[in-house]
Amino acid sequence: MERTLDVDAVRAFVRVAETSSFTRAADIMGSTQSAISLKLKRLEAKLDCRLLDRTPRYVHLTQNGAAFLERARELVEAHDRAFITVGQVRPRLAIGISDHVAGPELPALIGRMNVQDPQLLIEVRIGSSLDLLRTFDRREIDVAIVRFQAERDDGELVAEERFGWFAASGWQPRAGEPLPIATMPEPCGVRRLAAKRLDEAGIAWTEVFVGGGVTAVSAAVMAKLGVAALARRMLPLGVVDVGPRLGLPALPRLPIMIHARVANDREAAAIATLSDAFANAVKG
């Protein structure tokens, strides 16, 4: 016989023991006297011992019943604590966003998600597209919003965004020297694309600054260190497109892809909010 106890039957036993009455126990549990009696019979059968002596006039614990009562209370309390603990855990959605995608809209986006679902615990990680996809594949995040990766055939297209060559207003390259470029480190896909386009156009270039994120790269551009390949919505004030003036190769529109693992309707709604927000930001 399987050695598993029915918690409802154990709870019924505790209530009968505490009230010395099947009727009062049934009232407390919102049940009937016959249902409580049936639960107790099944519990006694499972334990292979008698727990209660009962007559129409009284209910008393047997010796086995008295020995079992404290353990029965502990079992019911542990069961109830388990439910309370689960109920207190906030649902969590871990989101990875490429640094070349996050943009200045991120605070408003997080606020919008919180308004939609205040109980949802939002975890956001910023990184390179390739690193975030690896993290997604390891199931460490639920959503990855990244730049298109040619080696991937999954994910959904959110939007396509125009990139350009940007420098501080008034900045001029030095004649006869390679074009100074501010970039993010490998494995940044935008960096690889920019380098490939410059090489194909036969333009000599040199890396003068490597930043850990778009904010750092933008700061280097503002400091007039050189040129960077950036999306227009990422630009700080005072930065201009110098691509046409310097004869730099055109950069394509780069897709934003969303890779998501949806567990329920709640997560699906949050992911839809993410996708719509980024699509609208790119259009804007």
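Taking each pair of distinct Cα atoms in the stretch 7-86 once, what is the resulting Kirkwood hydrodynamic radius in Å?
Result for the stretch 7-86 stands at 12.7 Å.
Among Ile122, Ile36, Ile258, which one shows the biggest mean-square fluctuation in a GNM of the chain, springs joining Cα atoms closer than 10 Å?
Ile36
Compute the angle between helix 63-88 and the longest alpha-carbon principal axis of the chain, please, reported from 0 to 90 degrees and rounded to the nearest 10.
On a 0 to 90 degree scale, this one is about 20.
Give the long-range amide H neighbours of Ile126: residues separated by 5 or more places, or on another chain, with amide H under 5 Å away, using H modelled in the peptide plane at 1.01 Å from N.
Sorted by chain and number, the residues that satisfy this are Ile97.
Give me a comma-separated list of calculated 3J(HN,Hα) values for the stretch 251-260, in order, Karplus coefficients 6.51, -1.76, 1.60 applied at θ = phi - 60°, integers in Hz, x for any Gly or Pro.
Per residue, the Karplus-derived 3J(HN,Hα) values read 9, x, 6, 9, x, 9, 10, 10, 10, 9 Hz.
Can you say what percent of the DSSP beta bridges in the chain, counting only those with both residues inside, are antiparallel? Round to 5.
55
May I ask for the angle, rounded to the nearest 10°, between helix 106-116 and the longest principal axis of the chain, with both axes built from Cα atoms and the value confined to 0 to 90°?
Computed tilt is about 30 degrees.
Taking only Cα atoms and a 10 Å spring cutoff, compute GNM fluctuations for the chain and point out the largest among Ile271, Ile203, Ile141.
It is Ile203.
Taking the chain as a Gaussian network, where each spring joins two C-alpha atoms under 10 Å apart, which residue of Leu121, Leu75, Leu198 fluctuates the most?
So, out of Leu121, Leu75, Leu198, the one fluctuating most is Leu75.
Just one of [x] 74, 66, 35; [y] 108, 35, 30; [z] 54, 46, 36 is Cα extents along the principal axes in Å calculated from these coordinates, so which is it?
Computing Cα extents along the principal axes in Å and matching it to [x] 74, 66, 35; [y] 108, 35, 30; [z] 54, 46, 36 gives [y].
Which of the three applies to the stretch 175-254, rounded, prolate or oblate, going by the alpha-carbon gyration tensor with a ≥ b ≥ c and a/c under 1.5 meaning rounded?
Rounded is the answer for the stretch 175-254, as its axis ratio a/c remains below 1.5.
Most exposed first by the Cβ proxy, i.e. fewest other Cβ within 10 Å, how do Trp205, Trp165 rank?
Trp205, Trp165
How much of the DSSP bridge set in the stretch 22-171 is antiparallel, in percent, rounded to the nearest 5?
Taking every DSSP beta bridge within the stretch 22-171, about 25 percent pair in antiparallel fashion.
Helix-derived [θ] at 222 nm for the chain: sum -39500 (n - 2.57) over DSSP H runs of at least 4, divide by residue count, nearest 500?
That calculation yields -14000 deg cm²/dmol at 222 nm.
If you find the alpha carbon centre of the stretch 1-64 and of the stretch 137-196, how far apart are they in angstrom?
With the stretch 1-64 and the stretch 137-196 each reduced to a Cα centre, they are spaced 69 Å.
Run the dipole for the stretch 7-86 about the Cα centre, Lys and Arg Cβ at +1, Asp and Glu Cβ at -1, nothing else charged, and hand back the magnitude in debye, nearest 20.
220
Among all the lysines, which ones have a C-alpha under 29 Å from Lys196's C-alpha, if same-chain residues fewer than 8 places away are not counted?
Lys224, Lys283
Would you please report the Å³ per residue occupied by the convex hull of the alpha carbon atoms in the stretch 18-161?
209
Please give the helix 265-283 orientation as an angle from the longest Cα principal axis of the chain, in degrees from 0 to 90, rounded to the nearest 10.
The answer is roughly 10 degrees.
For the stretch 97-163, what is one quarter of the convex hull surface built on the Cα atoms, given in nm²?
Result: a mean projected hull area of 5.3 nm².
In angstroms, what radius of gyration and Dmax does the stretch 218-259 have, counting Cα atoms only?
Rg then Dmax for the stretch 218-259, in Å: 12.1, 37.
Just so you know, all these numbers are worked out from the coordinates, no wet-lab data involved. These numbers were taken from a predicted model, which means no experiment stands behind them. All Cβ positions, even for glycine, are placed from backbone atoms using ideal geometry, and neighbour counts span all protein chains on display.
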